[in-house]
Amino acid sequence: MRDITERIDDMCMDMHGHTNWVCLDTLSDQEKVGLDQVADIVNIEGQHVAFYHQDITERTYLVLNLNPDTGEVEGTAQWTVAEIIAEINRDRGVNWQDYDESDWQEGWREFVEGKPCYGIRGDKWGYHSIPELWKSVHPSKSPSLVELGKISVDSGMVMISDPCYLSSLKPDYMDNLIIEAVSPRHEKPSPDGGNVDVFTHGGMAVASGTAYGDGVFPVMAEVVEDTNPMRIERIVIDFT
């Protein structure tokens, strides 16, 4: 009788044309982050198994080439897993044990991600980053929600813009806010807000009515805590 792994191989081959699968109980919590986005998770004889949508040898990852001083992106590329593994194992010592398809993510995070790497900026130092892998190892820290402060509302609406534009507000800007941002609430399913034409130079702003009119509302931010300074990824105004 064929064992369960052989039967799983057959099922994965039938569904996806390859045998790239993994048992969930062999993965860490970090490795499970986002797994449902790239694999079908099924229960086979009481065992939860993930069938990857794409063969690991064919899949590519977005790789960023970053300036070591500023952290700015200087180039991007799509690398196959084979190319990633080659970079992990490049120029290592005689006692180095090569990483392969089974453990390359661990090798990348440990020895390549954010580490100085000679030659990726011509003849200068730089470093590589794979955003998908970087985010997957910070599920508890990235992002977290903090309160930035509060906003006072006396017009029943708020506007978001670059503060340098405030000196170029049109004389009738409040009329435009009321017409363009608040009026759509009566024309369902239009949202209660949107872009508004309030600057003389055509700069863009967004205005929105609040849920219950005037008040003082907290402004919350999703921040990545393990960067210095903390990086704000999203801002949310709680009108409830």
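Throughout, read-outs are computed from the coordinates displayed, never taken from laboratory work. No experiment lies behind these values; they were computed from the predicted model shown. Quick reminder, even Gly has a Cβ in these numbers, built from the backbone with ideal geometry, and neighbours come from all protein chains shown.
Shape of the stretch 4-52 from its Cα gyration tensor (a ≥ b ≥ c, root eigenvalues): rounded if a/c is under 1.5, otherwise prolate when a/b > b/c, or oblate? Don't skip to the end; give the middle numbers.
Working: a/c = 2.20, a/b = 1.42, b/c = 1.55.
Taking the square roots of the gyration eigenvalues as a ≥ b ≥ c, the stretch 4-52 is oblate.
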Nearest 0.05, what FRET efficiency do LEU169 and VAL219 give at R0 = 30 Å with Cβ-Cβ as r? 0.90
Burial ranking of peptide ranges 208-218, 36-46 (average Cβ count within 10 Å, highest at the top): 208-218, 36-46
Taking the Cβ-Cβ separation of ARG92 and THR19 as r and a Förster radius of 30 Å, what is the calculated FRET efficiency to the nearest 0.05? 0.55
